[in-house]
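Peer 1: Dumping the structure here so I can ask a few things about it.
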């Protein structure tokens, strides 16, 4: 898919909006279940696209670095930032800010597209503050599909644990049906050690 070509109409997609809303609610449940809060968090939305997750995080977080490789997707997000006056949301191309220690890094439907999933996650985990959370949502691999795509729960667990995260959990995040298409993405969560 050419993400730049898809950017202008991305937010109009019912499936994209439903997915983002359900992912955010699953994030709130996961963070709350760990006795944490999104309020005042320093967040990196890695692979933010047009910012469907970012716009849900912005009212709560102290700061959000919204990172994506698609300049057209970031332009859509910049327009949202301008309209909303979010001076604490920073769209960035390709990499999170050097030296930043995030409380939370989220990757929504990103990791299965990465050329080096384990290497990218290791790099992102280094940018977490001690005790910080890494959360990803990705499509579960269907090996019987004509064009298999996605990740297995075992691959997600191995990647997160291999990156040094603790208390790793991998489960189906939610189930949402839009236009007769049912979405059941995996959600991987891990915590960076405090010591």
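The values are calculated or read from the model by the stated rules, or taken from the named source; none is laboratory data. Note that this is a predicted model, so its numbers are computed, not measured. All Cβ positions, glycine included, derive from the backbone under ideal geometry; neighbour counts span all protein chains shown.
Peer 1: From the residues in the range 140-154 that are touching a residue at least 24 places away in the same chain (Cβ under 8 Å) and not in a loop (DSSP other than H, G, I, E, B), which one is surrounded by the most Cβ atoms within 10 Å (Cβ to Cβ)?
Peer 2: Filtering the range 140-154 for residues that are touching a residue at least 24 places away in the same chain (Cβ under 8 Å) and not in a loop (DSSP other than H, G, I, E, B), the one surrounded by the most Cβ atoms within 10 Å (Cβ to Cβ) comes out as 151.
Peer 1: When you go through 23, 72 one by one, which is the residue that is closer than 25 Å to residue 186 by Cβ and either surrounded by 14 or more Cβ atoms within 10 Å (Cβ to Cβ) or modelled with pLDDT under 95 (or both)?
Peer 2: Of 23, 72, the one residue that is closer than 25 Å to residue 186 by Cβ and either surrounded by 14 or more Cβ atoms within 10 Å (Cβ to Cβ) or modelled with pLDDT under 95 (or both) is 23.
Peer 1: Can you confirm whether residue 163 is surrounded by 16 or more Cβ atoms within 10 Å (Cβ to Cβ), at pLDDT 95 or above and closer than 26 Å to residue 36 by Cα?
Peer 2: Yes; evaluated as a whole, the condition is true for this residue.
Peer 1: Name the one entry in 14, 56, 83 that is out of contact with any helix residue (DSSP H, G or I) (no Cβ under 6 Å at 6 or more places or on another chain) and either surrounded by 14 or more Cβ atoms within 10 Å (Cβ to Cβ) or under 21 Å from residue 185 (Cα atoms) (or both).
Peer 2: 14
Peer 1: Another one. On the given criteria, is residue 104 crowded, with 21+ Cβ neighbours inside 10 Å, touching a strand residue (DSSP E or B) at 6+ places or on another chain (Cβ under 7 Å), touching a residue at least 12 places away in the same chain (Cβ under 8 Å) and farther than 19 Å from residue 19 by Cα?
Peer 2: yes
Peer 1: Could you give every pair whose Cβ atoms fall below 9 Å, whose first residue belongs to the range 120-139 and is free of Cβ contacts under 8 Å to residues at least 60 places away in the same chain and on the phi > 0 side of the Ramachandran plot, and whose second residue is surrounded by fewer than 24 Cβ atoms within 10 Å (Cβ to Cβ) and not in a strand (DSSP E or B), counting only separations of at least 6 or pairs across chains?
Peer 2: Sorted first by the residue in the range 120-139, then by its partner, the list stays empty.
Peer 1: Against the condition under 16 Å from the mean Cα position of the chain (by Cα), at pLDDT 95 or above and outside any strand (DSSP E or B), how does residue 107 come out, does it pass?
Peer 2: Judged against the criteria, residue 107 is not a match.
Peer 1: So which residues in the range 184-195 are within 16 Å of the chain's Cα centre (by Cα) and surrounded by 14 or more Cβ atoms within 10 Å (Cβ to Cβ)?
Peer 2: Across the range 184-195, the qualifying residues are 185, 186, 187, 188, 189, 190, 191.
Peer 1: Mind listing just one residue for me: the one in the range 170-187 that is in contact (Cβ under 8 Å) with a residue 60 or more places away in the chain and part of a strand (DSSP E or B) and, of those, nearest to residue 122 (Cα to Cα)?
Peer 2: Among those that are in contact (Cβ under 8 Å) with a residue 60 or more places away in the chain and part of a strand (DSSP E or B), it is 187.
Peer 1: So, in the range 28-53, exactly how many residues are buried (at least 21 other Cβ atoms within 10 Å of the Cβ) and part of a loop (DSSP other than H, G, I, E, B)?
Peer 2: The total comes to 7.
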